[in-house]
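In what follows, a single structure is set out as structure tokens and then discussed.
The values are calculated or read from the model by the stated rules, or taken from the named source; none is laboratory data. As the structure is a prediction and not an experimental result, all values here were calculated from the model. Note that each Cβ is placed from the backbone with ideal geometry, even for glycine, and that neighbours are counted across all protein chains shown.
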Amino acid sequence: MQDETEDAIAELHAMLDRADSIVSFTGAGISTESGVPDFRSAGSPWMVNKPIPFDAFVASREARIEAWRRKFAMDDHYRGAQPNIGHRALARLVAEGRSPAIVTQNIDGLHQASGVPEDRIVELHGNGTYATCLNCGWRHELAAIRHAFEETGEPPACLICAGPVKSATISFGQAMPQAAMMRAQELALECDLFLVVGSSLVVFPAATLPVIAKRQGARLVILNREPTELDPIADLVIRAESGRALAPLLS
Ligand SMILES: [Zn+2]
């Protein structure tokens with residue numbers, strides 16, 4: 001098994017060397033190696049409480065207070081998380097011009113922290129490192145919001161228009177970000193290697209992007225610790241930690 005994994009990693013790097021346009025698609029698995037919990041896994045702090053749906057957040061002051069209380073508690077769980085080898089390896093591909101962009105399901109901002117320019121990151125589930133006004137879209141920084149929230153106990157309101165302010169993530173029941181979705185599809189259509197890293201590929205659109213890439217003739221590599229439903233159509237499947245498999249890109 002050990003040798004099999006080593007062989008698969010060697011094959012991955014041979015494929016990366018041959019590729020002209022690599023699109024990486026990342027999920028929670030790449031960030032668990034930075035100590036960020038996978039919020040869908042059993043026992044994670046996210047799953048102890050049922051997620052607050054978007055409609056409830058908009059409709060109820062109590063729901064907004066509870067959402068922000070949980071948000072700040074969660075932030076304390078992974079405060080100080082740093083990009084790991086996997087993030088840095090994918091950042092290297094972008095910096096070398098071998099990868100036009102990274103598509104991610106993660107909200108932790110660790111691709112940005114690894115040095116990838118903002119315009120080379122497509123965030124399908126938003127970003128948890130800042131907040132936006134649901135009315136006017138104004139960006140609000142978390143530190144100021146937290147300070148006010150802890151002083152007053154009131155849910156944050158926009159300084160510009162007084163609208164409700166929400167973490168810039170996509171909540172359950174909230175529409176997917178249209179521009180990010182379209183860009184992710186374009187990237188899947190134009191790449192010649194689609195590299196899945198640490199995603200179990202069950203949530204839409206995660207399940208469809210690799211299929212789009214594969215259908216247009218790209219090679220598909222799935223690097224994930226657990227099996228995924230799309231393993232049967234992949235050109236290469238690697239069951240390993242992402243840091244271990246991607247480390248050769250940094251040498
Ligand atoms: Zn506003």
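Side notes on the structure shown:
- Taking the listed residues 201, 187, the one that is at positive phi and either more than 16 Å from the ligand (Cβ to nearest atom) or touching a helix residue (DSSP H, G or I) at 6+ places or on another chain (Cβ under 7 Å) (or both) is 201, with no other qualifying.
- Scanning region 147-156 for residues that are in a helix (DSSP H, G or I) and either surrounded by fewer than 16 Cβ atoms within 10 Å (Cβ to Cβ) or within 16 Å of the ligand (Cβ to nearest atom) (or both) returns 147, 148, 150, 151, 152.
Residue-by-condition table, conditions (1) under 17 Å from residue 195 (Cα atoms); (2) modelled with pLDDT of 95 or more:
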{"residue": "34", "(1), (2)": "no, no"}
{"residue": "88", "(1), (2)": "yes, yes"}
{"residue": "100", "(1), (2)": "yes, yes"}
{"residue": "109", "(1), (2)": "no, no"}
{"residue": "112", "(1), (2)": "no, yes"}
{"residue": "117", "(1), (2)": "no, yes"}
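- The strands (runs of 3 or more DSSP E) located wholly in region 67-138 that include 1 or more residues which are more than 20 Å from residue 245 (Cβ to Cβ) and acidic (Asp, Glu) occupy 121-123.
- For region 157-173, filtered to residues that are surrounded by fewer than 19 Cβ atoms within 10 Å (Cβ to Cβ) and hydrophobic (A, V, I, L, M, F, W, C), the residue that is nearest to the chain's Cα centre (by Cα) is 172.
- Some residue of region 119-132 being among the small types (Gly, Ala, Ser), within 22 Å of residue 22 (Cβ to Cβ) and more than 16 Å from the ligand (Cβ to nearest atom): no
- Residue 139 vs. criteria within 16 Å of the ligand (Cβ to nearest atom), over 13 Å from the mean Cα position of the chain (by Cα) and of a type in the set (Lys, Arg): yes
- Helices (runs of 4 or more DSSP H) enclosed by region 174-246 - at least 1 residues per element that are surrounded by fewer than 16 Cβ atoms within 10 Å (Cβ to Cβ) and of a type in the set (Asp, Glu): 178-190
- Pair list, Cβ under 9 Å, 6 or more apart: region 237-251 residue outside the structural domain of residue 14 (by TED's automatic domain parsing), other residue of a type in the set (Asp, Glu) and in a loop (DSSP other than H, G, I, E, B): none
- Restricting attention to region 101-149 and to residues that are free of Cβ contacts under 8 Å to residues at least 40 places away in the same chain and of a type in the set (Asp, Glu), the residue that is farthest from residue 85 (Cα to Cα) turns out to be 141.
- Within this structure, residue 113 fails the test of being over 21 Å from the mean Cα position of the chain (by Cα) and surrounded by fewer than 21 Cβ atoms within 10 Å (Cβ to Cβ).
- Taken over region 159-173, the criterion of being closer than 26 Å to residue 50 by Cα, in a loop (DSSP other than H, G, I, E, B) and either within 16 Å of the ligand (Cβ to nearest atom) or polar (S, T, N, Q) (or both) is satisfied by 163, 171.
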